[in-house]
Amino acid sequence: MAVATEDFAPTIALEGARKQRGNLTQARIRWMILAVVLGFGLVGGRLVQLGMVETDQTIEGQARDLITATRPPILDRNGLEMAVDIRVPSLYAEPRRIIDVEEAVSALRSVLPDLDETWLRNRLSGDQGFVWVRRELTPAIQDAVMRLGIPGVDFITESKRFYPAMNEAAHVLGSTNVDNQGIAGIERHMDSESVALLQDLGLARGNALTPVELSVDMRVQHVMHEQLVDAMTRYQAIAAAGVMMDIHTGEVIALASVPDFNPNEPATALVKDSFNRITAGIFEPGSIFKTVTIAGALDSGSVAITDQFDARYGIRFGRYTIDDFHGKHRILTLPEVYKYSSNIGTIRIMQTLGKDNFRAFLGRMKFDERVDFELPEMRVPTVPKELSEVGAATASFGHGLSVSPLHMVTAYAAFANGGNYIAPTLYKRDIAEAEALYERVISPETSDSMRYLMRLNALEGSGSQMNKAAQGYRAGGKTGTAEKVVDGRYSSSKVTNFFASAFPLDNPRYAMVIMVDEPKAENPQSGTTAGWNAGAISGRVIQRVAPMLGVAPDFSEAIDQQIVPPVLR
């Protein structure tokens, strides 16, 4: 028995140890499997979590698709590019990925030394995902930065607006900011239009863009801008401006105002006095407003072109007497009132019309409201809602109220085109579209009379300097010399001069207003009134652009005779 016990005892002990080790191994395997499952579960959960998180696609809050979006090219009426997008690299950083901020600052400033060291260090040390470092760089600088091999620094290609004509059409086009968003001019108007209109015109940013065609003719624009710049020197003026309009469609063919700015450098638009005087400036128009007064009176039937008016003596209002600048001091026919620019005669014509009817006509011509026009830089005119006797008298010859040159060119267009008011536009518009927008403001007969008066003034009146330069193109118009208010009183030494015109008056197509601010005499033989400067500029512009616009010269006196109303022939 004892021997048997000794023989079996080791076997029992061995089997128990083996079983214990087997149980331990199985437990370890189960724990290992559980750990692996938990690990995969955690990884899977994290992947799901990360998959649900939207990746930051913005740089300082600006979406990358907007950064890389392009604007449509802007073309003139003949297809010439006025504004285009170019692709430029812009430098940004991811502060969280930058390993050594000081090293990155030093390296970047070796290529861009004008970066402020403290500013750059703060930018690269922040906790933002993406920050701008410098925008709109050259490809050469991009290559130099890339060779530095700085982790967390990269480039994105964005669009930058470029204006090939530089300053020439600055006030038409406006400009864009660093984000390529319109901030002035037609650029701003394009961005402010409704989404539906943008899509209709093919302007939706980020899509395949259809070019925007403007009504401006850059050939005419160049001539006008050149002449206005020349006027600043020739007449030592503080400013000059001009606008030309197709009288049948309302299309603006040229619009310029100097001093101006370079739209490729938007900051230059902030320079003093570089605003658009055609739309954002309102002025007392002076005697070019006599055309308005006479047109209203003729159209009402209260006066006829054969009537005469007593201009022998000045008209007294209380302590003040209104007289003529170069008075004839005699009875004047209506054409003579216009030709000699008689304040007295114009007041008599207005009084025959009646001050209330006169004010109503100003409303009909939309002188008391903003012109319906695309440029956002626009001022509302200041025209009294009610006119006193003296207020109506001064307003009749262009004092005591202020309107923009755009108001005046629109009015002259209506006076020359047969009597239809048509709102101006910077977009191309065909005659059928325009005729649907016509508003009759005077009769065709009155329009014929106004064309005759404008041509008469060019042949025999204050428009002779204009006519001398524009011989053969049958242009006509009216001068206006408005004294400026200085310290609450009118100054005879500081004036704003205008010349409003239309051509060719035998078959009118275009109206134009030229303004010269505070001109001086060109030489001892000339003067400072509008005929010597604004009128002369008008003539030079017409002489150069008329052939471009398909207007052929004709020196036949018979054409001028055809413009004379039958009753005066």
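The values are calculated or read from the model by the stated rules, or taken from the named source; none is laboratory data. Not measured: the values here are computed from a predicted model. Methodologically, a virtual Cβ is constructed for each residue, glycine included, from the backbone with ideal geometry; neighbour enumeration extends over all protein chains shown.
Count of segment 453-481 residues, restricted to those that are under 31 Å from the mean Cα position of the chain (by Cα), crowded, with 24+ Cβ neighbours inside 10 Å and among the aliphatic types (A, V, I, L, M), is 4. In the condition set (1) modelled with pLDDT of 95 or more; (2) surrounded by 14 or more Cβ atoms within 10 Å (Cβ to Cβ); (3) farther than 16 Å from Phe289 by Cβ; (4) not hydrophobic (A, V, I, L, M, F, W, C), Asn497 is compliant with all but (3). Criterion first (buried (at least 21 other Cβ atoms within 10 Å of the Cβ) and over 39 Å from the mean Cα position of the chain (by Cα)) does Arg330 satisfy it? Answer is no for this residue. Among the residues of segment 103-122, those that are surrounded by 12 or more Cβ atoms within 10 Å (Cβ to Cβ) and assigned to a helix (DSSP H, G or I) comprise Glu103, Ala104, Val105, Ser106, Ala107, Leu108, Arg109, Val111, Glu117, Leu120, Arg121, Asn122. Total residues in segment 538-559 satisfying the condition of being in a helix (DSSP H, G or I), aliphatic (A, V, I, L, M) and surrounded by 12 or more Cβ atoms within 10 Å (Cβ to Cβ): the figure is 4. Among all residues of segment 523-537, there is none that is among the aliphatic types (A, V, I, L, M) and surrounded by fewer than 24 Cβ atoms within 10 Å (Cβ to Cβ). Residues in segment 75-93: is at least one over 27 Å from Phe162 (Cβ atoms) and modelled with pLDDT of 55 or more? Scanning segment 75-93 turns up no residue that is over 27 Å from Phe162 (Cβ atoms) and modelled with pLDDT of 55 or more.
Residue-level check: of (1) surrounded by fewer than 15 Cβ atoms within 10 Å (Cβ to Cβ); (2) assigned to a helix (DSSP H, G or I); (3) not acidic (Asp, Glu), Ser491 misses just (2).
Candidates Thr446, Thr425: the one that is of a type in the set (Val, Ile, Thr) and closer than 24 Å to Ile514 by Cβ is Thr425.
For segment 341-355, which positions are assigned to a helix (DSSP H, G or I) and of a type in the set (Gly, Ala, Ser)? Residue satisfying the conditions is Gly345 alone. Only one of the listed residues (Ala269, Ala304) is on the phi < 0 side of the Ramachandran plot, in contact with a strand residue (DSSP E or B) (Cβ under 7 Å, 6 or more places away or on another chain) and among the hydrophobic types (A, V, I, L, M, F, W, C). That residue is Ala269.
Name the single residue that is surrounded by the fewest Cβ atoms within 10 Å (Cβ to Cβ) among those in segment 358-395 being without any contact (Cβ under 8 Å) to a residue 40 or more places away in the chain and part of a helix (DSSP H, G or I). Only one residue fits best here, namely Gly363. Restricting attention to segment 123-145 and to residues that are in a loop (DSSP other than H, G, I, E, B) and out of contact with any Phe, Trp or Tyr (no Cβ under 9 Å at 6 or more places or on another chain), the residue that is surrounded by the fewest Cβ atoms within 10 Å (Cβ to Cβ) turns out to be Asp127. Annotation: Ile29 fulfils all but one of (1) among the β-branched types (Val, Ile, Thr); (2) surrounded by 10 or more Cβ atoms within 10 Å (Cβ to Cβ); (3) modelled with pLDDT under 80; the unmet one is (3).
Taking the stated definitions as given, is Glu168 charged (D, E, K, R), in a loop (DSSP other than H, G, I, E, B) and under 24 Å from Glu374 (Cβ atoms)? So Glu168 fits the description; yes.
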